[in-house]
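Bear in mind these aren't lab numbers, they're just calculated from the coordinates by the rules spelled out. What you see is a predicted model; the values in this text were computed from it and never measured. Heads up, the Cβs are rebuilt from the backbone with ideal geometry, glycines too, and the neighbour counts pull from every protein chain shown.
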Amino acid sequence: MVRHDHPQPIRRKPRTTWTLVAVAVALLIAGVVVPHALLIAAGLILAGSTGLGGSR
């Protein structure tokens with residue numbers, strides 16, 4: 001019997017991951033240039049979420 005308690009991690013293509021990292025860096029830079037904490041926070045959250053589905 002197979003248990004499905006834990007959802008499978010999201011597997012992204014490397015191209016998608018690099019695109020998300022580029023968007024996260026762009027948000028961080030925009031947040032620093034235009035002093036806006038929401039842009040900085042969005043960039044940090046997006047950058048952190050791209051590392052969640054890493055290979056093991």
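Give me Thr16, Thr50 sorted ascending by neighbouring Cβ count inside 10 Å, so fewest comes first.
On the way: Thr16 12, Thr50 18.
If I rank by nearby Cβ atoms, fewest first, I get Thr16, Thr50.
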Simple spin-label estimate for Ile29 and Ile45 in nanometres, 7 Å along Cα-Cβ: 2.3
